[in-house]
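Single-structure report; data block below.
The values are calculated or read from the model by the stated rules, or taken from the named source; none is laboratory data. No experiment lies behind these values; they were computed from the predicted model shown. Ideal geometry is used to build each Cβ from the backbone, glycine not excepted, and the neighbour counts take in all protein chains shown.
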């Protein structure tokens, strides 16, 4: 971790004049105006994506950012497959085998395996080789530059069509049952490469939100790690206002949106309020690139080793933990036509958008703009795997009730 | 019996003098009151003690104007724009542009302070 730079006073600057007096600046956090000094919002890039932190009262910001930085560092050092020196990369470099790993990596792998079990294999951490075979073998920013990553173009011809022929580079998916984790002893068969993408960002948001809330000593915290959002503590008003959207509504050629609502097909983004738990979104409209002349994306169906295909372009799910929401959203994309039934059976509020822009909602996801996402149920399958986080979240939700 | 000396002209002069003194005192008192009032208003403005509503009162009024009301015991804020976007990996940036209706804050730019060192790299 780099050395903290001296705090810089931002007193007197517009929008944050009342609540925030100092903020740590060493990791490139950028303060973002939200039009009020009730809460403070900052963002930076990390883990190949964008991280946002919102806190209230605003003067908790510096403490929260420090805690989030520590959690992001921990996740990056242990679970990133884009770092040669990460712990998971060293397991891969050793050609598999049995390894004693850190508690942090053990928890990340444990959550990934629990998600695989919970979803019946719709998400599977052993898709690593398959996704590398598709070309996603480095930070996505590099892929975007080198291979001409595609933005969303909602025409049938632009849909990934892996079922019409073999995808070059396709690798078989060994299956999550081939990986064993006993305590901190991780055993991976030779040649198996783990990709924790379906759960790791969610887990990181869970960890960071709780750590930031504890560091702040009260109030409320929201952490968004690549759009996987977890909240902790007391929300402002009736809930943190968040936008659910996908790249189909964003201006062409950019992933930076302004106000949603510009969708041409009726599936414009929706403002909702999140009071507790988490929301995560999976979408095939982002992280798309060309390989051998065809458009592929980053959500791999473990049953085929191909990019998932199905009726949904974007699925947002609310759950008690972000790891669970993250896994459920990805599972729904992979599940295709059975996604609504799968989500309904688990009581998870969700918003599904078809490739044609039709929006479907299940389990009380609000239809109204600005509606509050209902409290998601606590499902034991994946929560139980979150050692070190579960207790805090349990206590937190008890207070909310 | 002790009696005052009879001097009608002197008595009249004394009464006239008393009236002049009373008139001067009234004007002096009025002047002092006015000066005090002006000074008080001046000092009050200088120290920010105006009669305009506090920020909290303005926020409350704005909330009421928006049709929102705070439930007892809950924090009522004026966050009307999304603080984050959930849109799948890579669709994460949201630049709020809407300001609170109260006008109490939010007149600054979207990004108000860039702290990222020019050579910083993540991952």
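Within the span defined as region A:255-275, every residue fails to be surrounded by 24 or more Cβ atoms within 10 Å (Cβ to Cβ), modelled with pLDDT of 90 or more, within 10 Å of chain B (Cβ to nearest Cβ) and assigned to a loop (DSSP other than H, G, I, E, B). When region A:308-328 is examined, which residues are found to be part of a loop (DSSP other than H, G, I, E, B) and modelled with pLDDT of 90 or more? Of everything in region A:308-328, those that are part of a loop (DSSP other than H, G, I, E, B) and modelled with pLDDT of 90 or more turn out to be A:311, A:320, A:321. In region A:22-42, the residues that are more than 20 Å from residue A:240 (Cβ to Cβ) and within 7 Å of chain B (Cβ to nearest Cβ) form Cβ pairs under 7 Å with partners that are at pLDDT 80 or above and surrounded by fewer than 24 Cβ atoms within 10 Å (Cβ to Cβ), at six or more places apart or across chains, as follows: A:28/A:44. Does region A:357-373 hold any residues that are surrounded by 16 or more Cβ atoms within 10 Å (Cβ to Cβ) and part of a loop (DSSP other than H, G, I, E, B), and which are they? Within region A:357-373, A:357, A:363, A:364, A:365, A:366, A:373 meet the criteria. Residue A:214 fulfils the conditions (1) over 16 Å from residue A:91 (Cα atoms); (2) surrounded by 24 or more Cβ atoms within 10 Å (Cβ to Cβ) except for a single criterion, (2). Within region A:93-117, the set of residues being surrounded by fewer than 22 Cβ atoms within 10 Å (Cβ to Cβ), out of contact with any strand residue (DSSP E or B) (no Cβ under 8 Å at 6 or more places or on another chain) and part of a helix (DSSP H, G or I) comprises A:93, A:103, A:104, A:117.
The single condition among (1) without any contact (Cβ under 8 Å) to a residue 24 or more places away in the chain; (2) crowded, with 17+ Cβ neighbours inside 10 Å; (3) more than 13 Å from chain B (Cβ to nearest Cβ) that residue A:71 does not satisfy is (1).
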